[in-house]
Amino acid sequence: MEIMSPAFKTGARIPTKFTCEGENVSPALTWRDVPEEAACLALIVDDPDAPSGTFTHWVVYNLPTIPESLDEGVSLSERLSEGLREGLNGAGQQGYMGPCPPRGHGEHRYYFRLYALDQKLALEGRVTRGQLLDVMEGHIIEQAMWMGLYSRS
């Protein structure tokens, strides 16, 4: 299984448009080779280089395996009818929060991790990254990762 973004190459700088210094919209994401037995996908975007520990930028779960993409700047609230859900980012809000490392703190790594799950998740309410990871335990069939870099001067 693979996850990719047409907005930037893995290991490359994330364009400003997708950060707090730009439009703060989510980049387009695509995936392929999802295992046939996958019931849904989950996506976690985080920054392990944050000063206070790993900071969560986006939590999405119960993503359908088809279509194999999320559009740039997607409003996931429009797709809730499909069963798709968003959890809480590190600021305690639902939705995407673009990279925004402290100025002068150097380059941070932002991981876009996609998980193929063997069942849809029966989660409701304001789910955190940790809660999602706990519930996914034992249900991950396969995972893929895409990483971008960002720093503020």
So which residues in the range 126-140 are in contact (Cβ under 8 Å) with a residue 60 or more places away in the chain, closer than 15 Å to Leu63 by Cα and open to solvent by 60 Å² or more (accessible area, probe 1.4 Å)? none
Please enumerate the residues belonging to the range 55-68 that are in contact with a helix residue (DSSP H, G or I) (Cβ under 9 Å, 6 or more places away or on another chain) and assigned to a loop (DSSP other than H, G, I, E, B). Pro64
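Let me confirm something: among Ser52, Ser69, which residue is under 22 Å from Glu107 (Cα atoms) and among the hydroxyl-bearing types (Ser, Thr, Tyr)? Break it down into steps so the answer makes sense when it comes.
On the way: Ser69 fails: under 22 Å from Glu107 (Cα atoms).
None of the others qualify; the one that does is Ser52.
Residue-by-condition table, conditions (1) small (Gly, Ala, Ser); (2) surrounded by 11 or more Cβ atoms within 10 Å (Cβ to Cβ):
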position	(1), (2)
Leu84	no, yes
Gly90	yes, yes
Gly95	yes, yes
Pro99	no, yes
Gly106	yes, no
Phe112	no, yes
Leu117	no, yes
Leu121	no, yes
Glu124	no, no
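Could you pull out the residue among Gly130, Gly106, Gly138 that is out of contact with any Pro (no Cβ under 6 Å at 6 or more places or on another chain) and farther than 17 Å from Leu41 by Cα? Explain how you work it out, then say what you get.
Numbers: Gly130 fails: farther than 17 Å from Leu41 by Cα; Gly138 fails: farther than 17 Å from Leu41 by Cα.
Selected residue: Gly106, the only one of Gly130, Gly106, Gly138 that is out of contact with any Pro (no Cβ under 6 Å at 6 or more places or on another chain) and farther than 17 Å from Leu41 by Cα.
Having 2 or more residues that are surrounded by fewer than 20 Cβ atoms within 10 Å (Cβ to Cβ) is the bar; report the strands (runs of 3 or more DSSP E) wholly within the range 2-54 that clear it.
2-4, 29-32
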Residues that are in contact with a strand residue (DSSP E or B) (Cβ under 8 Å, 6 or more places away or on another chain), of a type in the set (Gly, Ala, Ser) and modelled with pLDDT of 90 or more: does the range 110-130 have at least one? yes
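The values are calculated or read from the model by the stated rules, or taken from the named source; none is laboratory data. Worth saying up front: this structure is predicted, and the values here are computed from it rather than measured. Note that we place each Cβ from the backbone using ideal geometry, even for glycine, and neighbour counts take in every protein chain shown. Side chains are part of the model used for accessible areas, which takes the heavy atoms of the whole protein and leaves out ligands, DNA and RNA. Shrake-Rupley method; radii C 1.70, N 1.55, O 1.52, S 1.80 Å.
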